[in-house]
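Here the structure comes first, spelled out in structure tokens, and everything after it is commentary.
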Amino acid sequence: MDILNAKKNFTISSMPTRQHTVFEIIMLVIVSALLYWFIISPKQAKLDALTLGSGELSAEFSSLEDNERKFNKAVADMKAHPEEIADLDEALPLDNRVTKLHLALENLTQSSGMTVGDISISYKSDVVISGDKEQLASPFKVTRKLQKMITALDVTGTYDQFQGLLQKLEQSGRILTITSMEASPTADQLLNFKISLEAFYYE
Amino acid sequence: MAQINLLKQKQVSFDSLQIVTSLAVKFLFLILVGLVAYYAFLLYRISSETKKFFSIEQQISDKGKQLAARPERNELLTRQQQLKELNTLVGAHPYWSGMLPAMAKVMLKTANVVTFKALKDGTVTMSITVPAITDVEQFLQVFDLPEFNNNFYNIRIGSLGRSQSGDALLISFDVRMNYNPALLASPEGVR
């Protein structure tokens, strides 16, 4: 009965001073540990993650600024070299105008002294090659892919003229890749040459 | 004989323990206050770091949009693509003008090439006429010599027979051979 009464009347203030202090120490340790473990530590982790994320973003931003500088330099370079850009457009045209290739081959053949028998160019006939208003308005907006025009060139002349034509084709401003060549004699003591070649353009 | 007051000694020990525990309580309380202050500091830092994070993110987004909207961008990308593909094509460009002079060097003077066909796959086919069968043998022997089979090798012949050319009776045959791909490499100083 006395024990029960003693339990009922037990409060911290009723404890002796020494026990009271020990109890405070234990409570302070527990509260501090819980505060650190459940509240401070997660916040610390969040701050660490944020700091790391900010660092990465700062690096990304610096890289973007660096890219902007390179971009500006490349644009300046491009604008400062119109002749090289024209050469580039001649080598790999941005249009699929088949007549340009025809004329180029005809000129090369005639300038080497040979006679053009036939120029046959295979191309997609259903593709717009002129009057494309959208493309004319913003010529670089469209995404292009490199395409090939397979061409057969039939010419007549002497061996030396043919050697000259081969050199002209190799040094032509437009990239013309010969895939095969064939020679056979003609009735008038000349040679007939058939050249298969590939020309490139963007579409 | 000196008397030792054991009761008093116990009192001193009890007092010092009380002081130590009392100090420990104060120390722990200070730690708790420190932790609370550190928590407040963390909240402040998280808030400022979050603002910084979103600010940089916004700057990146703005800069990206700004760059993507530049009018020169599409042209620059097109030119870069052209340059890249031009370099690839020029690097692999075959130069056929070296083929016929190299062929002439290994050909017999008596041989007459009627037809000639060279393909990019590394093969050459020809129809040849010579005055006699011994010339065919000589033609073949040439390619067994190291100084002549450097550029043309793996000779195969077919359709060996006689053919009439005007008044002359000639030996005609077809030849198929491989050529050295290095023959089509860029000559010095070109491109």
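Any read-out appearing in this document is the output of simple, stated calculations on the displayed coordinates, not a laboratory observation. All values derive from a computational prediction rather than experimental measurement. Virtual Cβ from ideal backbone geometry, glycine too; neighbours counted across all protein chains shown.
Among the listed pairs A:Lys70/B:Lys84; A:Lys79/A:Lys124; A:Lys46/B:Lys52; A:Lys124/A:Lys194; A:Lys148/B:Lys84; A:Lys73/A:Lys148, give every one whose C-alpha distance is greater than 25 Å.
In this structure, A:Lys79/A:Lys124; A:Lys73/A:Lys148 lie more than 25 Å apart at Cα.
Neighbouring Cβ atoms from other chains, within 10 Å of the Cβ of residues in A:38-51, number 4 on average. Place +1 on the Cβ of every Lys and Arg and -1 on the Cβ of every Asp and Glu in chain B, take the dipole about the Cα centre, and give the residue among B:Gly166, B:Gln81, B:Leu43 whose Cα lies farthest towards its positive end. Of B:Gly166, B:Gln81, B:Leu43, it is B:Leu43. The HN-Hα couplings worked out from phi for the range A:151-159 by the Karplus form 6.51 cos²θ - 1.76 cosθ + 1.60 (θ = phi - 60°) are 10, 10, 10, 10, 9, 10, x, 8, 4 Hz, whole numbers, x standing for Gly and Pro.
In terms of its alpha-carbon gyration tensor, chain B comes out prolate; a/c meets the 1.5 threshold, and the first ratio a/b outweighs b/c. Over all pairs of different C-alpha atoms, the protein assembly as shown has a mean inverse distance whose reciprocal, the Kirkwood radius, equals 30.5 Å. A helix-only calculation puts chain A at -17000 deg cm²/dmol for mean residue ellipticity at 222 nm, using -39500 (n - 2.57) for each DSSP H run of at least four residues, averaged over all residues.
With a sphere of radius 10 Å drawn around the Cβ of B:Arg176, what net charge do the other residues whose Cβ falls strictly inside it have (Lys, Arg +1; Asp, Glu -1)? Display every interim value, and only then the final one.
Details: positive: B:Lys117, B:Arg156; negative: B:Asp174.
Charge balance near B:Arg176 sits at +1.
Taking the longest Cα principal axis of chain B as reference, the axis of helix B:73-91 is set at about 50 degrees.
222 nm [θ] for chain B, helices only, -39500 (n - 2.57) per DSSP H run of 4+, per residue, to 500? Walk me through the intermediate numbers first.
Numbers: 4 runs with 100 residues, N = 191.
It lands at -18500 deg cm²/dmol.
Could you give the dipole magnitude of chain A about its Cα centre, charging the beta-carbon of Lys and Arg +1 and that of Asp and Glu -1, in debye to the nearest 20? Mind showing how you got there, number by number?
On the way: 20 positive and 27 negative charges, 313 e Å.
The dipole magnitude comes to about 1500 debye.
Rounded to the nearest whole Hz, the Karplus-based 3J(HN,Hα) values (6.51 cos²θ - 1.76 cosθ + 1.60, θ = phi - 60°) of the range B:138-144 follow the sequence 4, 4, 6, 4, 3, 7, 8, with x at glycine and proline. Could you tell me how many degrees, from 0 to 90 and to the nearest 10, lie between the Cα long axis of helix A:41-80 and the main elongation axis, the longest principal axis, of the Cα atoms of chain A? With both axes taken from Cα atoms, the answer is about 20 degrees. Ignoring aspartates and glutamates fewer than eight residues from A:Lys133 along the same chain, the ones with Cα atoms less than 18 angstrom from its Cα are A:Asp95, A:Glu203, B:Glu75. When every Cα-Cα distance of the range A:90-202 is counted in 5 angstrom steps from zero, the calculated P(r) takes the values 2, 11, 21, 22, 16, 11, 8, 5, 3, 1, 1 percent.
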